[in-house]
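See below for the structure under consideration.
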Amino acid sequence: MLLENKVVLITGASRGIGRATAIEAARQGADVAINTFRDAEAAADVVAEIERLGRRAVAVDGDVALPDSAADFIDRSVQALGRVDVFVSNAGICPFHAFLDMPVETLRRTMEVNLHGAYFMTQAAANQMVKQGDGGAIVAISSISALVGGEMQTHYTPTKAGVHSLMQSCAVALGQYGIRCNSVLPGTIATDINKDDLSDPAKRTYMEGRIPLGRLGRPEDIASVVAFLASDMAGYMSGAALLVDGGAFANFQ
Ligand code: NDP
């Protein structure tokens, strides 16, 4: 029960890593508010799963790229669950595309969802925590892409480096309020975000072969690390990045 009676807010929690993190938080004893985007059915399913675990849950629809969504998510979560102890910035997109003919709109949208969205949401959550006056924990889902490049991800990798940088600066800005800020850098986790990219069996086998632990990651592999960073067990961690990649980054030679 790492998060017993805490209130945890997570963006982009209709599926993938966000969904697994929401459910893990509930398993660890938290009430959970999820931000979802467009998919009301998936949101209702996550809420039901959390309630089955005996915890309270609320879903708030909103596009993280819009500044107003952030205030709305925090306000409605606080109305429903009373406060914010933990905020997880997870929502993200990765529309794979080559560099030389990258459409301006694809670049702009990826920046706005992944980086601006993380900024607006983190800022709104931090303001609520400062108002409460007893600290908090913020965890952002960055990526191994913050450390390495990707041919079809020139618009995406800078956002993930930016998200980690945001956590470092927020750790400095918010330490005086007892708010810890850290990032998690997942390796390749099998979710919808890379389903098409990994649908080629040869590519999937190649990727698995590069991972010392011999398999792609699962959303639950990330959820448990987020729960740890959000918990008091990580009480002296701030501005840190945890790479969760099955050893892939170390396996260069
Ligand atoms: P998924 O595509 O499975 O899930 C992405 C989630 O983000 C969905 O719930 C989606 O909602 C939501 N989302 C997308 N755009 C918005 C928006 N504008 N506003 C609010 N929510 C939005 O991907 P993952 O679970 O894999 O990705 C989660 C995070 O993990 C991302 O930040 C990604 O960059 C990061 N990551 C993933 C890795 C991987 O290998 N899977 C590796 C490293 C990092 P909807 O269902 O409505 O589209």
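Only the coordinates and a few stated rules stand behind these numbers; no lab work does. Everything quoted here is computed from the prediction, not taken from an experiment. Glycine gets a Cβ as well: all are built from the backbone with ideal geometry, and neighbour counts include every protein chain shown.
With each run of n ≥ 4 DSSP H residues scored as -39500 (n - 2.57), what mean residue ellipticity at 222 nm is computed for the chain after dividing by its residue count and rounding to the nearest 500 deg cm²/dmol?
Numbers: 8 runs with 103 residues, N = 253.
The helix contribution divided over the chain gives -13000 deg cm²/dmol.
Rounded to the nearest 10 degrees, the inclination of helix 40-52 to the longest alpha-carbon principal axis of the chain is 60 degrees. Please give the Cα centre distance for region 177-194 versus region 197-219, rounded to the nearest Å. Cα centres, region 177-194 to region 197-219: 19 Å.
Of R210, R108, R27, the residue with the greatest mean-square motion in the GNM of the chain, using alpha carbon springs below 10 Å, is R108. Fully extending the segment from E151 to R38, taken as 0.36 nm per residue of separation minus the present Cα-Cα distance, adds 37.7 nm. As an equivalent ellipsoid, region 127-210 spans semi-axes of 34, 13, 10 angstrom, where each value is the square root of five times an eigenvalue of the C-alpha gyration tensor, largest first. Each of Y206, Y177 was scored by other Cβ atoms within 10 Å of its Cβ. Listed from fewest to most, they are Y206, Y177. In this simple spin-label model, placing a label point 7 Å from the Cα along the Cα-to-Cβ direction at both D192 and R210 gives a separation of 2.5 nm. Each pair of Cα atoms in the chain enters the Kirkwood radius, and Stokes-Einstein at 4 °C and 1.567 mPa s then converts it into a translational diffusion coefficient of 72 µm²/s. The eigenvalues of the Cα gyration tensor, multiplied by 5 and square-rooted, give region 173-232 an equivalent ellipsoid with semi-axes of 32, 11, 10 Å from largest to smallest.
I want to check a number: in the chain, how many lysine pairs have alpha carbons closer than 29 Å, given a sequence separation of 8 or more or different chains?
Taking the Cα cut-off of 29 Å, the pair count is 6.
Between the Cα long axis of helix 16-27 and the first principal axis of the chain there is an angle of about 40°, rounded to the nearest 10.
Among V88, V130, which comes first, second and so on when ranked by fewest other beta-carbon atoms within 10 Å?
Fewest to most other Cβ atoms nearby, the residues stand as V130, V88.
When the chain is treated as a Gaussian network with alpha carbon springs shorter than 10 Å, the biggest mean-square fluctuation among D85, D221, D197 belongs to D197.
Within the chain, C94 have no other Cys Cβ under 4.7 Å of their Cβ and so lack a disulfide-compatible partner by this rule.
Within region 59-166, list the GluC sites (Glu not before Pro) lying in a DSSP loop whose Cβ has at most 11 other Cβ atoms in a 10 Å radius.
Details: sites: E105, E112, E151; in loops: E151.
Hits after loop and neighbour filter: E151.
Between A202 and A48, full extension at 0.36 nm per residue minus the direct alpha carbon distance yields a gain of 51.7 nm.
With 0.36 nm allotted per residue and the present C-alpha distance subtracted, the A173-R218 stretch has 12.9 nm of extension available. Using a Gaussian network model of the chain in which every pair of alpha carbons under 10 angstrom is joined by a spring, one finds that among V184, V104, V113 the greatest mean-square fluctuation is at V104.
Taking the longest Cα principal axis of the chain as reference, the axis of helix 117-132 is set at about 20 degrees.
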